[in-house]
Amino acid sequence: GQSLEQPSEVTAVEGAIVQINCTYQTSGFYGLSWYQQHDGGAPTFLSYNALDGLEETGRFSSFLSRSDSYGYLLLQELQMKDSASYFCAFISNDYKLSFGAGTTVTVRA
Amino acid sequence: GAVVSQHPSRVICKSGTSVKIECRSLDFQATTMFWYRQFPKKSLMLMATSNEGSKATYEQGVEKDKFLINHASLTLSTLTVTSAHPEDSSFYICSADPGTSGRNEQFFGPGTRLTVL
């Protein structure tokens, strides 16, 4: 079957670094994506990894290890506006997105 | 970036009625769009893949006769919830990938919050 596991909640202070881990299980894997969603809003794309390694986009970085079926999203220099839900999602060979349950990140002053 | 719109943003209807939700790609053409539903504090669950000019493909457990999808043009897909019941109350979101970023980046509409009384 298909599954994704990620922590349900993370709390950190402004300026800190947060790492959200994601493990997945699927028979047809194309890549791993990360999306951010604020309460009541639409998910917005953050990052995508098709190959092993680190992808850096500003304060956010994402890592993938295909052999370990594992990835993570790294949020650096946390800001209050980063308080949101973060979803890992794998793309299967038919280009469908399957989302994890989401990690609620709460940033405190 | 690409823009996807949805209409309406909120709808309240009586049990037994049908509700149509529109999803439009405003600045790109989308041969494929995706429909999701999301319960509070939960993940996005893919309901179906909307294919322009052909039938939608539904995920396991999604009733195709209840959730009618029509993708009549390259910029418009509609989801009709037929004979809605309170358990259909949810947040419905569509998405599309313009295919221009090389990152399999999907752009989501703002969502439609459906409340069935």
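The values are calculated or read from the model by the stated rules, or taken from the named source; none is laboratory data. Note that the coordinates shown come from a computational prediction; the quantities given were computed from them, not determined experimentally. Ideal geometry is used to build each Cβ from the backbone, glycine not excepted, and the neighbour counts take in all protein chains shown. Protein only, heavy atoms only, side chains kept; ligands, DNA and RNA dropped before computing areas. Shrake-Rupley method; radii C 1.70, N 1.55, O 1.52, S 1.80 Å.
Among the residues of region B:65-79, is any touching a residue at least 60 places away in the same chain (Cβ under 8 Å) and either more than 8 Å from chain A (Cβ to nearest Cβ) or open to solvent by 30 Å² or more (accessible area, probe 1.4 Å) (or both)? Please lay out each step first, then the result.
Of all residues in region B:65-79, those touching a residue at least 60 places away in the same chain (Cβ under 8 Å) come to none.
There is no residue in region B:65-79 that is touching a residue at least 60 places away in the same chain (Cβ under 8 Å) and either more than 8 Å from chain A (Cβ to nearest Cβ) or open to solvent by 30 Å² or more (accessible area, probe 1.4 Å) (or both).
Return yes or no: is A:Leu64 assigned to a strand (DSSP E or B) and either at pLDDT 95 or above or within 12 Å of chain B (Cβ to nearest Cβ) (or both)?
yes
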When A:Gln79 is evaluated against the numbered criteria (1) buried (at least 19 other Cβ atoms within 10 Å of the Cβ); (2) out of contact with any Leu (no Cβ under 8 Å at 6 or more places or on another chain), which criterion, by number, is the only one it fails?
(1)
How many residues are open to solvent by 30 Å² or more (accessible area, probe 1.4 Å), more than 8 Å from every other protein chain (Cβ to nearest Cβ) and in contact with a strand residue (DSSP E or B) (Cβ under 7 Å, 6 or more places away or on another chain) when one looks only at region A:30-49?
1
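Which of the residues that make up region A:86-109 are aliphatic (A, V, I, L, M), away from every other protein chain (no Cβ under 11 Å) and in contact with a Ser or Thr (Cβ under 7 Å, 6 or more places away or on another chain)?
To start, the set of residues in region A:86-109 that are aliphatic (A, V, I, L, M) comprises A:89, A:91, A:97, A:101, A:105, A:107, A:109.
Of the ones still in play, those that are also away from every other protein chain (no Cβ under 11 Å) are A:105, A:107, A:109.
Within region A:86-109, A:Val105, A:Val107 qualify.
Filter region B:32-62 down to the residues that are part of a loop (DSSP other than H, G, I, E, B) and closer than 25 Å to A:Phe87 by Cβ and list them by number.
B:Phe39, B:Pro40, B:Lys41, B:Lys42, B:Ser43, B:Ala56, B:Glu59, B:Gln60, B:Gly61, B:Val62
In region B:85-112, which residues are away from chain A (no Cβ under 12 Å), of a type in the set (Ser, Thr, Tyr) and over 15 Å from B:Ser25 (Cα atoms)? Explain how you work it out, then say what you get.
Step one: list which residues in region B:85-112 are away from chain A (no Cβ under 12 Å), which gives B:85-90, B:100.
Subset that is of a type in the set (Ser, Thr, Tyr): B:89-90, B:100.
Matches in region B:85-112: B:Ser89, B:Ser90.
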Residues (open to solvent by 20 Å² or more (accessible area, probe 1.4 Å) and modelled with pLDDT of 95 or more) located in region B:88-106:
B:Ser89
